[in-house]
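We did not get these values from a lab; they are worked out from the coordinates using the rules stated. This one's a predicted model, so the numbers in the text were calculated from it and none came from an experiment. Virtual Cβ from ideal backbone geometry, glycine too; neighbours counted across all protein chains shown.
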Amino acid sequence: MSAQKKNKLGIGCFGVSLIVIVAAGLGYYFGRRLLLGEELTPLQGSQIIPADAVATGFISTDINDWQELEQFDTFGARESVEENWQQWQNELGSENIEVNYQEDIEPWLGNLMMAFLPNIDDTSEPNVGVIAGVKNKLKARNFLNKIKENPDTEVIESEYQNITVYQVTSTENPEGVWFSFFDNQAVMGDAQTVIEQFIDTYRGADSIVSVKEAHETTREKLNQKNPLFQTYITDYNYFIGDIITESFDLPGTAEIPMIETAVTTFDIQDHGINLSTIVNLSNPLYSEISSTTTHKLINKISDDVIFMIDGVALKTIWEQVEVNRQLIPELDQFIVLLESFTGNALNLNLQDDIFAWLDGEFAFGLSVDENNSFADTGMKGLFLMETGDRTLAENTLNQIERLTGSDQFIRIEKEENNGVSSTKWTTIEGQLLSYGWLEDNLLFVNLSQEENINTITNSNTSLQSNENFTLTTQTLPQDNFGYVFFDIEKTVNILNEFAPEFFEDAPPESQPIINALKGIAITSSSNSPNTSQLDINISLQKK
């Protein structure tokens, strides 16, 4: 047998395999960096937005994100999106720009951000810049070449800080637009200075991320990878007062100097839509952070309610309203009227006699009931309130009873049902309302003709076990100051049964929207004195 020939390179099969693996890895690495790019996130975009930007907006261009809406009966949302895309396509065609979004832009576009930059010449007309994520650099280069080759456009190239800047002009738009590419972003603007500001920031100038030092909760929102839509207002009063109010010719809005920045995110979740807003405050919203609610009183609210609100410390909320009432003249006028009524009609001080003892958790539920309604309204309600000062509460109630007792049409009676003492107001038509103490510190106010409070509060099914309530609230922050809940589905069903004429005058396009809604839940929360968060969940019907 002849001797086996020696490999001329001195490399065995293992060595060849290793070279192939390394080469493939390097090819993937450099190919990804040089050709593929990546999608834009709100945080990445914010890092190249100049520090003096007053607001930014982010929108996902990933069709997979938007297709999550298709699991819901979303009242024509898909058709609306497609209509807007088609309108934009038509606008491109009207400017003789032969561009097809699906073929020329979608393959490389990886999300968009807008930046509103101050305009020293006109504060109500900010300069607007756009940042586009480039997820495929080769496709983006092909798009640029197509623009260059278009006989109806002229592309002028220049350099700024060693980065190529392009100006595209046409007969219809002689001023043109400017854009540039660097890393995995394309930046665009209606003025050369906008592009230069982006490049300056990219080269190291301060961005809104470094200068507008965001609170941790805000940073979490900016780090969120896949929001459908997000806005970040870095100068709240300037953006609302100078830009929005003047641009849309709106009446003057109340200045809220304590709000510095605000970030709002729009997402699709399992239940439907989530809208979340976080504001950063220059001064604490509360003198001290109020405790969050345990929601324990919801267990005493029946699951047949169409509306429910619960929370904690109405006293603290009122104190903050008092502190800030001068900011909104209409609110101040209303409070003056309220103070006048309680003082003159009830001989009570609004702050000292009423809100002073509303310091615990509370809950209120509203239901439809034709048989036991409040004052023949077809509705009944239950209000529950914990207090740390029962004596003050009883003094206030006694004062109201003394004044009401002089009314010849209302009779006040004391009674007891299953060990619960209550005070009942009745008219010739029956019970109007009743109130008393379920526990030592738990007041109830029963707005119905049902005489036994235990029948109301000991229902076999509470709102906590309601499927719609659970679905609509489950993704809201758990540590919060309370819920506001609307059962839209139940309300619509009741109206269709008892008052079908209610929707007769409604616009035809509103019916799909009404039918798509299941419930709405709102909550507020805060993890520090200088932040406030508002979340809105809208649950939708599944297809």
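Other residues with beta-carbon under 10 Å from the beta-carbon of S422 carry, at +1 per Lys or Arg and -1 per Asp or Glu, a net charge of -2. On full extension, the segment bounded by T461 and K296 gains 58.0 nm, given 0.36 nm per residue less the C-alpha separation. Once the C-beta distance of N100 and I120 is scaled by a Förster radius of 30 Å, the resulting FRET efficiency is 0.20 to the nearest 0.05. Here the spin labels are modelled as points 7 Å beyond Cα on the Cα-Cβ line, and at I428 and E175 they lie 7.5 nm apart.
Given a Förster radius of 56 Å and the C-beta distance between N145 and Q478 as r, what FRET efficiency does 1/(1 + (r/R0)^6) yield to the nearest 0.05? Could the numbers behind the result be given before it?
Details: r = 53 Å, r/R0 = 0.94.
About 0.60, to the nearest 0.05.
What's the local net charge at N347, with K and R +1, D and E -1, over the other residues with C-beta under 14 Å away?
Details: positive: R402; negative: E339, D352, D353, E401.
Residues near N347 contribute -3 overall.
Fully extending the segment from S421 to T491 would add 21.9 nm, taking 0.36 nm per residue of separation and subtracting the current Cα-Cα distance. When peptides 396-403, 59-66, 446-453, 529-536 are ranked by their average number of other Cβ atoms within 10 Å per residue, the highest-first order is 446-453, 529-536, 59-66, 396-403.
Among Y435, Y483, rank each residue by its count of other Cβ atoms within 10 Å, from fewest to most, as a rough exposure measure.
Working: Y435 19, Y483 23.
Least to most surrounded, the residues fall as Y435, Y483.
What does a probe at V128 reach in segment 51-69, counting residues whose amide N is under 14 Å from the point 7 Å along Cα→Cβ? Zone members listed by number: 55-59.
Exposure proxy check: E489, E175 ranked by fewest other beta carbons within 10 Å? Don't skip to the answer; put the middle values down first.
Details: E489 18, E175 10.
So the residues, fewest neighbours to most, are E175, E489.
Placing R0 at 22 angstrom, the Cβ-Cβ distance between N395 and Q320 gives a FRET efficiency of 0.30 after rounding to 0.05. Between the C-alpha center of segment 356-391 and that of segment 469-524 there is a gap of 21 Å.
By how many nm would the segment from F307 to E68 lengthen if fully extended, with 0.36 nm per residue of separation less the alpha-carbon distance?
Working: separation 239, 0.36 × 239 = 86.04 nm, distance 2.84 nm.
So the extension gain works out to 83.2 nm.
Approximating the spin labels as points 7 Å out from Cα along Cα→Cβ, the S210-to-N452 distance works out to 7.2 nm.
Placing a pseudo-label 7 Å from each Cα along the Cα-to-Cβ vector at I328 and D190 gives an inter-label distance of 3.3 nm. The amide H of T61, built 1.01 Å from its N in the peptide plane, has N111, L112 as neighbours under 5 Å, considering only residues 5 or more places off or on other chains.
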